[in-house]
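To keep things clear, I will list the structure first and then write my remarks on it.
What follows is calculated from the coordinates using simple rules that are stated; it is not laboratory data. Note that the structure is predicted; figures quoted are calculated from it, not measured. We place every Cβ from the backbone using ideal geometry, glycine too, and count neighbours over all the protein chains shown.
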Amino acid sequence: MHIVSVFDSVVLIVPLFLSAQETPKTTKERLPGNPSVRTEQVHGTVLYVEGSDIAVRLADGKLREFKVPPSRKFIIDGKETKASEVQPGTELIATVTTKSTPVTQRTTTVGSAKVWFVNGNSVILTLPNGENHTYQVNDSYRFTVDGRPASVHDLRKGMDVSAQKIVEEPMTEVESDIVVTGRAPKKG
């Protein structure tokens with residue numbers, strides 16, 4: 001296999017034999033990497049509650065407002081509690097677990113074309129839809145001609161060629177899980 005960069009895309013070429021009449025076929029796949037998991041705790045005391053909005057003084061002294069989703073439950077003194085039921089003075093500990101997974105979105109296109117023109121490392125190919133496209137090709141780039149690998153310098157007008165193009169887009173998927181526990185203020 002050979003790797004070449006064409007128009008900022010990663011392209012891998014493997015031997016294929018396709019007729020020049022065949023239209024390109026594209027598949028997509030998701031390739032996850034090894035996830036990393038990070039857990040942190042945030043401590044604070046509830047100052048004010050209105051509906052699902054909660055104002056909290058954090059352990060570092062900063063004041064923060066949280067808009068709590070309706071699905072979020074708090075475990076206060078061992079009992080499940082809605083945000084609107086949390087009392088001022090309640091000490092909270094939010095345990096936030098974040099999982100980050102690197103993912104490569106791979107798009108593979110397999111297709112064929114006919115050589116329209118070649119000059120040095122430039123080649124113009126006529127695609128099955130009749131459109132011509134110009135490519136700058138590295139010497140190590142390999143096309144498939146009659147079932148055999150061929151470099152750009154082996155190409156001649158009229159030859160049917162095929163190739164596999166793989167474009168990889170890196171991204172990161174992030175998932176968070178938040179568990180909020182606490183202790184209600186003592187009634188005096």
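The table below lists the values:
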{"read-out": "Verdict on A184 being under 30 Å from T45 (Cα atoms) and among the small types (G, A, S)", "value": "yes"}
{"read-out": "Pairs where the first residue, in region 34-63, is in contact (Cβ under 8 Å) with a residue 40 or more places away in the chain and under 17 Å from A184 (Cα atoms) and the second is surrounded by 14 or more Cβ atoms within 10 Å (Cβ to Cβ) and of a type in the set (S, T, N, Q), C-beta under 9 Å, 6+ apart", "value": "T45/T90; V46/T90"}
